[in-house]
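Scroll down for the structure; my scribbles are underneath it.
The values are calculated or read from the model by the stated rules, or taken from the named source; none is laboratory data. This one's a predicted model, so the numbers in the text were calculated from it and none came from an experiment. Cβ placement follows ideal geometry from the backbone for every residue including glycine, while neighbour counts extend to all protein chains displayed. Please note that ligands, DNA and RNA were not included when accessible areas were found on the heavy atoms of the full protein model with its side chains. Shrake-Rupley method; radii C 1.70, N 1.55, O 1.52, S 1.80 Å.
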Amino acid sequence: MSNPLQKVRIVISDEHQLIINGIKHLLTPLEHLEVISETTKGEEAFRLVEQLKPDLLITEISLKDLSGLEILQKIKEKGLETKVLILSNFFDEHDILSGYERGAMGYLPKSVDDQNLILAIGKIAKGEIYYHQSVLNVLGSSLIQRKLSSRNTIDLTEREMEILREVCEGATNKEIAEKLFISVRTVDAHRRNIMKKLGVKNSVQLVKVSLEKKLI
């Protein structure tokens with residue numbers, strides 16, 4: 001979003017209306033978020049994305065007539081800018097890896113607390129990846145198995161590893177500084193060093209490379 005004051009426009013798709021109602025109840029009072037449409041069907045969800053061009057689609061894997069993964073693929077193929085956050089009760093390795101490879105910006109369990117869901121939406125709207133730690137664990141293991149031939153040889157210090165783990169969990173520089181009892185400037189310096197060592201230019205690339213090189 002180019003305008004920081006602009007509302008995040010959201011479409012929700014879930015097989016269960018009760019889940020949709022719960023998310024709407026949580027998000028409606030928040031002035032910076034706007035739920036513009038909803039559906040329990042996959043085909044309808046993709047049609048809404050095409051027509052309304054929301055900033056974010058919150059969806060699940062199991063939808064009637066078109067899965068969340070298929071929606072992701074169609075969004076990718078069409079070059080649409082809508083970001084996707086997956087909510088799921090199941091942490092199937094294939095689904096998580098497929099979601100990651102098709103461009104899901106977030107992946108959370110449906111049991112996630114309200115605060116973390118709102119945090120995830122905010123970060124994803126700004127172009128940052130937000131994967132729950134339990135999802136990262138499954139994804140990391142899967143990528144390790146697929147890329148055993150490219151083991152990590154990058155020399156990160158213990159402090160850099162601490163900061164990298166926090167970054168991959170979605171923490172801001174300020175949050176990391178408070179947790180590790182160091183200054184924000186120090187965190188920023190470490191973060192720049194980590195990005196230089198990994199050869200990346202932004203946080204999204206940092207998370208992807210960290211997973212692929214089994215750094216977390």
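Taken over the range 11-52, residues that are without any contact (Cβ under 8 Å) to a residue 12 or more places away in the chain and assigned to a helix (DSSP H, G or I) amount to 6. Within the range 29-57, take every residue that is among the hydrophobic types (A, V, I, L, M, F, W, C) and more than 14 Å from Arg9 (Cβ to Cβ) and give me the one that is surrounded by the most Cβ atoms within 10 Å (Cβ to Cβ). Result: Ala45.
Does Leu26 satisfy the criteria of being open to solvent by less than 40 Å² (accessible area, probe 1.4 Å) and of a type in the set (A, V, I, L, M, F, W, C)?
So Leu26 fits the description; yes.
Being surrounded by fewer than 21 Cβ atoms within 10 Å (Cβ to Cβ), on the phi < 0 side of the Ramachandran plot and in contact (Cβ under 8 Å) with a residue 40 or more places away in the chain narrows it down to one of Lys83, Lys78, Lys64, so name that one. One residue alone meets the criteria, Lys64.
Among the residues of the range 173-214, those that are surrounded by fewer than 15 Cβ atoms within 10 Å (Cβ to Cβ) and within 16 Å of the chain's Cα centre (by Cα) comprise Asn202, Val204, Gln205. You will find that of Val184, Val135, the residue that is of a type in the set (Val, Ile, Thr), closer than 28 Å to Glu81 by Cβ and either modelled with pLDDT under 90 or in contact with a Lys or Arg (Cβ under 7 Å, 6 or more places away or on another chain) (or both) is Val135 and no other.
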